[in-house]
Each structure stands twice: as C-alpha cells, then as structure tokens.
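Remarks on the structure that follows.
What follows draws every value from the coordinates through simple rules; no lab data is involved. Values in this document were obtained by computation on a predicted structure and should not be read as measured data. Reconstructed Cβ throughout: ideal geometry from the backbone, glycine too, with neighbour counts over all protein chains shown.
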Amino acid sequence: MIKNKSYTKEVNKMVTYDLVIKSGKVVSSQGVFEAHIFVLDGKIARISRVLDTENAERTLDASGLLVFPGFIDSHVHFRDPGLTHKEDFESGTKSAAAGGVTCVFDMPTTKPVVTNANLFSEKLSIVSSKAYVDFALYGAAGSENVQEVEALARAGAIAFKSYTVSPPAERISEYAGALATTTSAIYEAMEAVSKTGLVHSFHAEDDGIVQLFTKRLQSQGRRDALAHAESRPAFAEAIAVSNVIRIAKELHAKIHIVHVSTKQALEVIRAAKSQGVKVSCETCPQYLFFTKQALQKFGPYAKFNPPARDEQDVSALLDALLDDTVDIVVSDHAPHAKHEKDQGYEDIWKAPPGVVGVELRFPLLFTLSQRLGLSYTALAKKLSTNVAKIFGLQQKKGDIMVGLDADFAIVDPKEEWVVKGEELHTKAKENVLYHGMKLIGKVKHTVVRGKPVYEEGVGFEKNGRFVRI
Ligand code: DOR
C-alpha cells in the first residue's frame with residue numbers, strides 16, 4: 001500500500017476531510033464494491049464500507065452512481081499555443097472535465113512544435129493557468145532534434161511523439177520537428193528517446209506508400225471524400241508498425257503505437273507482444289464506431305488520420321479490446337475550425353484531418369462495453385489504470401486506492417441521452433461525428449485531486465496542475 005501524509009492520519013476519525021464521496025459503487029482495478037471515499041490533501045485517505053464520519057468540507061452523494069478512477073486521455077491536441085482558433089487549453093480541458101477526464105497528455109504538435117526544452121517551458125507557462133484538469137505535455141522526437149531529447153525529458157516531458165508519415169506540403173510546419181519518416185530517422189529518434197527511459201509513441205503509417213497513393217489518386221483527378229481512405233491503405237499502417245517494432249526490438253525500447261486502426265497492424269502488435277517486445281497500443285472511438293463509409297456520409301468531417309477502415313478492421317479492434325492486444329482507448333481529440341473542414345467538400349485534400357472526442361470517450365465506450373460484455377473494471381483499465389501504467393504515473397493516478405490522487409469520474413450508468421454537438425465544450429462543435437447518437441452512461445461529477453471540477457448542469461471549477469513522472 002502506498003503511504004503518505006494523509007494515510008498516516010487515517011486512524012483519526014476526527015479529522016476534517018476535504019471531501020467525502022458517499023454511497024457510490026466504486027470501480028477499481030480490484031473490482032466493483034459499495035464504499036465511501038475520504039479525501040485529504042488531494043489524496044485518497046480512506047476507503048470504507050462504513051460511513052463513520054461525514055466531517056468534511058464537502059460531501060458528494062454518489063448513491064446510484066458509479067465512481068470510476070478519473071479517466072486519463074493520453075492523446076489530445078489542444079492546439080495551444082499557436083492554433084487556438086481551433087481549441088485552447090481552457091476549452092479543451094473543460095471539455096475533458098465534462099467527459100470525466102481528470103488528466104490529459106497534450107501532443108507536441110502545437111505552434112511552434114515542442115522540439116526543445118525552452119519551447120517546452122514556454123508552452124507550460126502559457127497553458128498552466130488555463131487548465132481545469134491535470135495535464136502532462138509530450139515532447140517531439142524528429143529527425144532534426146535528437147540532441148534535444150534528453151533536455152526535453154529533464155524539462156518534464158511525459159513521453160515523446162514521432163510521426164513516420166509526413167503531412168501535405170502546406171501543413172508541414174505543423175509537424176516539422178516531430179517527423180521521422182525514414183528508417184534511419186526512426187532509429188536515431190528511438191535511440192535518443194530510449195536513453196531517457198520514457199515511452200516513445202509513434203503515429204505509424206508508411207510515408208512512401210501514402211505519398212505514392214495520394215499522388216496517383218490526385219493525378220486521376222480524385223477529390224471526393226473516399227479518396228482520403230484510399231490514399232492511406234491498411235497495409236501502409238502495418239508496414240510502419242512492423243518497422244518501428246523491429247527497431248524497438250533491436251534497441252530494447254519502450255514504444256507505444258497511437259491510434260491503431262487495422263486488423264493487419266493488430267496482428268503485428270499481437271505477435272510482438274507475445275515475443276516480449278515492449279510495445280503497447282491504443283485505438284480511438286472513431287475506429288470502433290465508423291467505417292470508411294462515414295466519409296461518404298460526413299465528407300471532410302470524417303477525415304482523420306489514419307482513416308476509418310472496413311468492417312473487418314472494426315471487428316478485429318473489438319476483439320483486440322477484449323483480448324487486451326489494445327491496451328487503452330484514447331480520443332485523439334483533434335479539433336479544426338468549421339471553415340477549415342468545409343474546404344474539403346469541394347476537394348477532400350484541402351480539409352485538415354481530425355475529429356473531436358475528449359468529452360465523449362467515456363459514454364461511447366461505456367455504451368459499447370455493454371454490447372461487448374466488457375466489465376466495468378476492464379473499462380476502467382482501458383480508460384485510466386493502463387494509461388497510468390504505460391506512461392509511469394501509476395504511483396499517482398489511474399486507480400481508486402489509498403494514497404493515490406483523489407481523481408474521480410462519477411457517472412450515472414443508467415441515463416440514456418442523445419449527443420448534441422452544440423452542448424459540448426470544445427470549440428469545434430460542428431466536428432462531432434456522434435451528433436444525434438443515443439448513448440448510455442452520463443458523467444455527473446468530475447473530481448481532480450479532491451476538488452470537484454465539473455458538475456453536470458452546475459458548471460466548472462479550475463484545478464489543473466502539470467503532471468510529470
Ligand atoms: O486526424 C488526425 N489529426 N490525426 C493525427 O495524427 C493528427 C491530428 C491533428 O493534429 O489534426
């Protein structure tokens with residue numbers, strides 16, 4: 001058991017707790033049970049089946065509700081600094097709070113891209129006062145900044161991100177610094193990151209194949225939405241995943257594959273895991289709920305990278321959730337402004353890729369888990385416990401256990417509701433593919449280190465803090 005100051009006070013029933021969450025059904029990695037949770041100094045001080053005191057600054061009645069460990073979304077793009085017309089840290093973390101997310105990891109592809117320790121510190125000072133929930137920041141690891149990786153780790157980067165595929169020429173500045181598109185560049189970047197002991201995350205699609213297919217489609221005059229999916233074939237993902245896994249094996253590196261979308265890539269990852277390669281992976285709701293037909297229905301609003309795939313990929317991803325090949329589900333929340341997306345109606349190549357989801361990840365997965373027979377505990381692992389473990393935050397977050405941060409998502413498991421884009425807290429309210437979808441499971445309260453940061457129908461309070469290992 002983790003001990004801390006608050007734990008040693010545990011025997012003192014006369015203590016005034018910061019918060020008592022009473023009568024909820026607790027969902028922890030150890031199972032599901034009725035209990036009261038006592039919070040002191042931002043930590044879980046006691047978990048008791050008996051409500052022996054209500055001596056607390058605040059009491060939250062969770063009768064009839066599930067108390068999950070606060071959800072951790074390790075893949076968001078909050079666009080701050082530099083692209084705040086799409087999203088900023090305030091709107092992004094509010095949206096997170098309303099989705100039961102108590103900690104986010106922001107990607108380094110802000111403007112400028114976070115390629116060195118100075119830029120990391122600048123970003124930290126810009127976003128810190130805006131955060132409603134806890135946050136960690138990624139560093140970029142590209143072919144041109146390998147010598148900066150160690151200092152970025154010292155500055156507090158939670159992990160590193162590399163893209164093996166380049167964007168179209170007009171968007172290159174948004175990614176420059178995080179690009180490692182050749183095998184030698186991937187090797188060098190991974191070598192540098194593995195020395196820090198931190199996780200190296202890869203957007204894995206093969207650059208050569210994507211460029212080739214895109215050029216061919218463009219020369220045929222294709223500008224329709226489906227061309228986007230055709231330009232990034234499934235095997236391009238599998239090639240890149242194999243490539244980074246082979247290099248990771250050689251370097252004994254700890255890698256994470258972001259937004260896995262295909263059956264082929266899952267097969268490669270499953271085999272690597274069985275051989276003991278230190279590889280973890282994630283998928284996102286958009287790959288579980290949509291096939292590429294969504295491009296025909298929603299046009300540029302269903303453009304994201306990698307693209308939505310086929311039925312067989314969706315069902316392979318669902319199987320992989322159940323057999324734990326997929327370790328975690330994250331949002332890859334990637335907002336863009338309406339006028340930017342709308343350019344893609346006439347010409348799909350002009351629309352930026354990305355869909356929003358930080359606020360909807362829980363209800364989408366909760367709804368899906370009922371259909372799949374995924375238990376509450378398994379869901380808590382995919383949305384919180386495993387995320388903390390993969391990135392090394394398990395001493396602080398990811399579970400409901402004495403000594404951990406008092407981060408909770410308190411949800412009504414019975415409430416059915418319909419998603420309305422305009423009610424979400426992101427700036428990109430039009431970019432909600434789930435608009436009109438009926439879901440079950442609603443976030444009622446979100447608590448970050450003992451402080452309620454969101455209450456449905458009431459509002460928000462800020463309590464975000466920078467998190468590092
Ligand atoms: O769809 C996506 N959008 N995929 C990515 O990998 C990047 C993201 C963005 O930054 O817009």
Worksheet item: To the nearest Å, what is the center-to-center distance of the range 340-380 and the range 19-51, using C-alpha atoms only?
Response: 30
Response to the item:
If every Lys and Arg gets +1 and every Asp and Glu gets -1 at its Cβ, then about the Cα centre the chain yields a dipole, in debye to the nearest 20, of 580
Worksheet, complete the sentence: With -39,500 (n - 2.57) per DSSP H segment of 4 or more residues and division by the full residue count of the chain, the 222 nm estimate, nearest 500 deg cm²/dmol, is -8500 deg cm²/dmol
Discussion item. Over the range 277-363, what is the relative contact order in percent, taking alpha-carbon pairs closer than 8 angstrom and at least six residues apart?
Written reply: 36
Practice prompt. May I ask for log10 I(q)/I(0) of the range 148-276 at q = 0.14 Å⁻¹, from a Debye sum over the Cα atoms as equal point scatterers with solvent left out?
Written response: -0.65
Worksheet item: What order do you get for 107, 401 when you list them from fewest to most C-beta neighbours inside 10 Å?
Response: 401, 107
Discussion item. Residue by residue through the range 336-345, what is 3J(HN,Hα) from phi via Karplus (6.51 cos²θ - 1.76 cosθ + 1.60, θ = phi - 60°)? Round to whole Hz and write x for glycine and proline.
Written reply: 9, 6, 4, 5, 6, 5, 4, 4, x, 5
Worksheet, complete the sentence: Given 378-387, 437-446, the highest-first ranking by average Cβ count within 10 Å works out to 378-387, 437-446
Fill in: Kirkwood Rh in Å, taken over the range 331-379 so that all alpha-carbon pairs contribute
12.8
Worksheet item: Put +1 on the Cβ of each Lys and Arg and -1 on the Cβ of each Asp and Glu in the range 337-466; which of 348, 418, 368 then has its Cα farthest toward the positive end of the dipole?
Response: 368
Fill in: Antiparallel %, DSSP beta bridges [both residues in the chain], to 5
50
Discussion item. Let me confirm the definition first: pairs of Lys residues in the range 103-227, 8 or more apart or on different chains, C-alpha distance under 27 Å. How many are there?
Written reply: 9
Worksheet item: Between rounded, prolate and oblate, where does the chain land on the alpha carbon gyration tensor, with a ≥ b ≥ c its root eigenvalues, rounded for a/c under 1.5, else prolate if a/b exceeds b/c?
Response: prolate
Worksheet, complete the sentence: Reduced to Cα centres, the span from the range 429-450 to the range 87-158 in Å works out to 23
Fill in: For the range 222-367, convex hull volume per residue from C-alpha positions, Å³
108
